[in-house]
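Since the structure comes first, as structure tokens, the remarks are kept for the end.
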Amino acid sequence: MPDYTTREMMDAIDQTPPVRTFLQKTFFPGEETHVTEKVEFDVRKGKRVMAPLVSPRVGGKVITRQGFHTNSFTTPKIAPERPLTVDDVSKRAIGENVYSQRTPEEREDELLSKDMTDLEEAIARRKEWMCRQILYEGKIDVADEEEGVDVQVDFGFSNITVLGADQDWALATVNPLPTLRQIRKKIIKATGKAPDIAIFSSDVIEKFTTNPFVEKAMNMLNMKNIVIEPRVVDPALTFYGRIAELDLDIYTYDEWFLNDEGEDEAMIPDGTVLMGHSDGEGQIEYGAVTQMEDKKFQTYEGRLVPKQYADEKNEVKMLRLTSRPLPRPFDVESWAVIYVNRS
């Protein structure tokens, strides 16, 4: 098999449909690449300024321009890699015919394609986790115990409401709708735009759909304020229904990931409701990737940058896929998180 150049492998990646996940696709659908590792962007907090009333004998009154501030972040680096050994290309693969006549070169070509897919999917899962952290906490902790890296990227998100034990939606005396109305109005007041999608954790959707106030709204003839008609969109995503008065679609997202401690963890934190906008809350910013090739440093602008290098002494070829993504919200006041019960 010929040794592919970095550009050739990047072109092959761009022609492959990206591994998309729900949180990124819904809330960070846009992408932008940069020529440096550090990205900068302006944030402006708009205010509802009315034109001033003036006397007929006065020419006009000055309205000052609203300010903005610039955020600057170094994009986190993700770089999974996989070795390819002599044994990998010499022995038949799983499912391969026992009497296969395939050459090591043919196996190497196939393994390269599979490894590239595996590495890309691993990066996609990390990006989905990053989107989750931004949405539910407004920050990402970048930690690498081996290299001693410990950095926090914090966007200053504070639109979190924690309900008390006496406000749990499982209680027959608690009506969830006033809380949802209040949070919706808060977002509208801050941004001028109403949320239209709510992601319920699995435990909260059970409390919501069996709540007496919600059941009453569902059973009121001709009103149809709350319609619960679950429909599976895909194995992990379920559309549950709508709250008409809030123009809010309700979903659950039952996906898990293996966290850095090696334990399964739900992508949607227990006890939560996320209210946001289905047309997105931000986009993914990609910093440039610099790596050494032919004893020279090369910098690439792109989502994913592959690299092959060989350890001839140990008969090993390595495939690495590097990405420097950072989910960037446009306005941290445009979505909200409700903790119906926080353990």
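The values are calculated or read from the model by the stated rules, or taken from the named source; none is laboratory data. Keep in mind that what you see is a predicted model, and the values were worked out from it rather than measured. Cβ coordinates were reconstructed from backbone atoms using ideal geometry, including for glycine residues, and neighbour counts include every protein chain displayed. These accessible areas exclude ligands, DNA and RNA; they are computed on the full protein's heavy atoms, side chains included. Shrake-Rupley method; radii C 1.70, N 1.55, O 1.52, S 1.80 Å.
Structure notes:
- Pairs with Cβ under 7 Å, 6+ apart, first in segment 262-282 and under 17 Å from Thr21 (Cα atoms), second open to solvent by 50 Å² or more (accessible area, probe 1.4 Å): Glu265/Trp256; Ala266/Trp256; Met267/Glu255; Met267/Trp256; His277/Lys193; Gly280/Pro29; Glu281/Phe330; Gly282/Phe330
- The sole residue among Glu315, Glu265, Glu281 that is touching a Ser or Thr at 6+ places or on another chain (Cβ under 7 Å) and open to solvent by 20 Å² or more (accessible area, probe 1.4 Å) is Glu315.
- Condition check for Thr290: without any contact (Cβ under 8 Å) to a residue 24 or more places away in the chain, open to solvent by 20 Å² or more (accessible area, probe 1.4 Å) and either touching a Phe, Trp or Tyr at 6+ places or on another chain (Cβ under 8 Å) or more than 29 Å from Ala165 (Cβ to Cβ) (or both): no
To keep it simple, each residue is scored yes or no on (1) at pLDDT below 90; (2) in contact with a strand residue (DSSP E or B) (Cβ under 6 Å, 6 or more places away or on another chain); (3) not aromatic (Phe, Trp, Tyr).
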residue: Asp87; (1), (2), (3): yes, no, yes
residue: Glu106; (1), (2), (3): yes, no, yes
residue: Lys114; (1), (2), (3): yes, no, yes
residue: Arg126; (1), (2), (3): no, yes, yes
residue: Gln133; (1), (2), (3): no, yes, yes
residue: Glu147; (1), (2), (3): yes, no, yes
residue: Trp169; (1), (2), (3): no, no, no
residue: Thr179; (1), (2), (3): no, no, yes
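- Residue pairs whose Cβ atoms lie under 9 Å apart, sitting 6 or more positions apart in sequence or on different chains, and linking a residue in segment 98-126 that is within 19 Å of Ala79 (Cβ to Cβ) to a partner that is part of a helix (DSSP H, G or I) and modelled with pLDDT under 80, are Leu112/Met9; Met116/Met9; Met116/Ala12; Met116/Ile13; Glu120/Ile13.
- Filter result for the condition that a residue is hydrophobic (A, V, I, L, M, F, W, C), at pLDDT below 55, open to solvent by 60 Å² or more (accessible area, probe 1.4 Å) and under 30 Å from Met267 (Cβ atoms), over Ile63, Ile94: Ile94
- When restricted to residues that are in contact (Cβ under 8 Å) with a residue 24 or more places away in the chain, open to solvent by less than 70 Å² (accessible area, probe 1.4 Å) and within 24 Å of Thr210 (Cα to Cα), segment 173-195 contains 9.
- Counting the residues of segment 196-234 that are of a type outside the set (A, V, I, L, M, F, W, C), open to solvent by less than 40 Å² (accessible area, probe 1.4 Å) and farther than 18 Å from Leu171 by Cα gives 1.
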